[in-house]
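The values are calculated or read from the model by the stated rules, or taken from the named source; none is laboratory data. In this text the structure is predicted, and so the values were computed from the model without any measurement. A quick note on method: Cβ atoms are made from the backbone with ideal geometry, for glycine too, and the neighbour counts reach across all protein chains shown.
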Amino acid sequence: MIVVSHRGPVSFRREPDGSFTTRRGSGGVVSALAPLLLGRADVRWIAAAIGEDDRAAVLTGAAAGVDGGVELLALDPEVHARHYDVISNRVLWFCFHGLFDLAREPTFDREFHEAWECYRSVNQSVAAAVAEAAPEGDVVLVQDLQLLLVPGQLRALRPDLRISHFTHTPFCGPNSIRVLPDTMATEVCSSLGGTAAGFHTDRWAASYRASASEILGPDTTTHAFAATFGPDPDALAAVAASSEVAAAAAALDERVGDRHCIVRCDRMEPSKNILRGFHAYEELLRDDATWPGRVTFVAELNPSRESLVEYRDYRSEVETTAARINDEWATSDWEPIILDTRDDFPQSVAALQRADVLLVNPVRDGLNLVAMEGPLLGTRDPALCLSREAGAFDLLRDHCLAVHPFDITQTANAHATALTMEPAERATRVAGLRDAAGARPASAWLDALVSYAR
Ligand code: F6P
């Protein structure tokens, strides 16, 4: 079996003496699949070398054999940057998450069309590497929106293979896919149309089917399926028991005291809707004079994709908004928002343990694992305020408080309801959240990808 993803399960760091050390690769795809697949003699994992150090490790031969079965591809840096920054992150990510400000963006100019060539070419390099490595009739599991063209390109090179593709983001519906240039929309839908195309929820699978029908014609046959996974409760429990988390938890307790805690943990990402979360918190403080001084908002936000101006601008707006709210509301002994952008995993786990309320309010999200990790880690029966636009909402809707991600007043009201919920109701709801979160092992999801492959 061959797994293909953009980020690989290992990444390399060049040390001052010129040697290389390895770390586990980051991201949701790797954390779900790596524990199941690494070290299996029958599995090969092909991914892109990300960044200079990965590339150097490949080009110097240091990457060969470091982790059996993993092959990183050293792509042309300029071509790879346009594939990732421009097409994957600025165009496809924004399109699938409904983030375009259509009065201004996107504009498809010469530079865009050249970048689309780069996306095609990176996908072709990946498809060629898989075609070369795959034994006759093998199963190939292609992951996510950076590699949407691989199924079609690979099918052309190796019709004997059984292929599935899984998109970890949402998929957009017909009105949004029509925003993409015609060739791009057609190539994406044709590539996925010829294979099994998986999504975290029926909703994204239906959006894909409707888009494929719009772009390729109403008689188009698709092979869409929905399958998903939750966190591994045992792995989370092991992390939670570490001394680093205990130290972070003690430091947070010191800072927050006995106040109620609203927590969010996200990448610093426009789709996560961080600004409206702060605005809702401010509305809560303004509307009910009993809350100022009695509640703290802890925001663990990991910087992401900082090569893009959209992400740098968003980060700056988030930081400015948090600072303004703190300036306006802070007292000598109360910090309304604790904003942490250090990308500190133990600190994020400690915050999730301390939450009374967990806010997960994305504009749109393929799944959102934090919505499931939070209840498993929480030690105070946290109430979950969850956007109805997150894929995880379909799994957790009976036990969470639904949030309309654009309605700030409704979000503020959900916070108030969560903060004042009776202990018995919180306990019942969190038990439901934990059952739902723990009931979807990644192994079952992996089995689905294999069984649907065609
Ligand atoms: O949500 C889809 C996803 O690919 C996750 O697997 C990943 O954590 C996230 O997007 C960020 O991806 P990247 O940092 O590789 O662009």
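Residues in segment 295-328 that are without any contact (Cβ under 8 Å) to a residue 40 or more places away in the chain and within 13 Å of the ligand (Cβ to nearest atom): 2 in all.
Any residue in segment 149-171 that is aliphatic (A, V, I, L, M), within 16 Å of the ligand (Cβ to nearest atom) and either under 26 Å from A74 (Cβ atoms) or at pLDDT 95 or above (or both)?
Looking only at segment 149-171, we keep the residues that are aliphatic (A, V, I, L, M), and these are 149-150, 154, 156-157, 161, 163.
If we keep only those that are within 16 Å of the ligand (Cβ to nearest atom) as well, we get 150.
Of the ones still in play, those that are also either under 26 Å from A74 (Cβ atoms) or at pLDDT 95 or above (or both) are 150.
Yes, segment 149-171 contains a residue that is aliphatic (A, V, I, L, M), within 16 Å of the ligand (Cβ to nearest atom) and either under 26 Å from A74 (Cβ atoms) or at pLDDT 95 or above (or both).
One line per residue, one yes/no per condition, for (1) surrounded by 15 or more Cβ atoms within 10 Å (Cβ to Cβ); (2) touching a helix residue (DSSP H, G or I) at 6+ places or on another chain (Cβ under 9 Å); (3) farther than 28 Å from R388 by Cβ; (4) aromatic (F, W, Y):
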| site | (1), (2), (3), (4) |
| --- | --- |
| R209 | yes, no, no, no |
| D258 | no, no, yes, no |
| C265 | yes, yes, no, no |
| E269 | yes, yes, no, no |
| T296 | yes, yes, no, no |
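Criterion applied to R55, R44 was being among the charged types (D, E, K, R) and in contact with a Gly (Cβ under 7 Å, 6 or more places away or on another chain), and the one residue passing it is R44.
Among the residues of segment 358-382, those that are part of a strand (DSSP E or B) and touching a Leu at 6+ places or on another chain (Cβ under 6 Å) comprise L358, V360.
Number of residues in segment 19-35 that are more than 15 Å from the ligand (Cβ to nearest atom) and touching a Ser or Thr at 6+ places or on another chain (Cβ under 9 Å) equals 2.
With a requirement of 1 or more residues that are farther than 30 Å from F94 by Cβ, the helices (runs of 4 or more DSSP H) lying completely within segment 199-311 that satisfy it span 233-240, 243-256, 274-287.
Quick check on A238: is it away from the ligand (no atom under 16 Å from the Cβ), surrounded by fewer than 13 Cβ atoms within 10 Å (Cβ to Cβ) and either in the same structural domain as T167 (by TED's automatic domain parsing) or not polar (S, T, N, Q) (or both)? Please lay out each step first, then the result.
Numbers: away from the ligand (no atom under 16 Å from the Cβ): yes; surrounded by fewer than 13 Cβ atoms within 10 Å (Cβ to Cβ): yes; either in the same structural domain as T167 (by TED's automatic domain parsing) or not polar (S, T, N, Q) (or both): yes.
Considered against the rule, which asks whether it is away from the ligand (no atom under 16 Å from the Cβ), surrounded by fewer than 13 Cβ atoms within 10 Å (Cβ to Cβ) and either in the same structural domain as T167 (by TED's automatic domain parsing) or not polar (S, T, N, Q) (or both), A238 comes out as yes.
I'd like to know if segment 281-291 contains one or more residues that are within 16 Å of the ligand (Cβ to nearest atom) and either of a type in the set (V, I, T) or in the same structural domain as L376 (by TED's automatic domain parsing) (or both). Checked against the condition, which is being within 16 Å of the ligand (Cβ to nearest atom) and either of a type in the set (V, I, T) or in the same structural domain as L376 (by TED's automatic domain parsing) (or both), segment 281-291 yields no hits at all. Remark: pairs (first residue in segment 76-95, closer than 20 Å to P270 by Cβ and in the same structural domain as L149 (by TED's automatic domain parsing); second residue among the hydrophobic types (A, V, I, L, M, F, W, C) and not in a helix (DSSP H, G or I); Cβ separation under 7 Å; 6+ apart in sequence or on different chains) = D85/L308; N89/L308; R90/L308; F94/F100; C95/C172; C95/V179; C95/L180.
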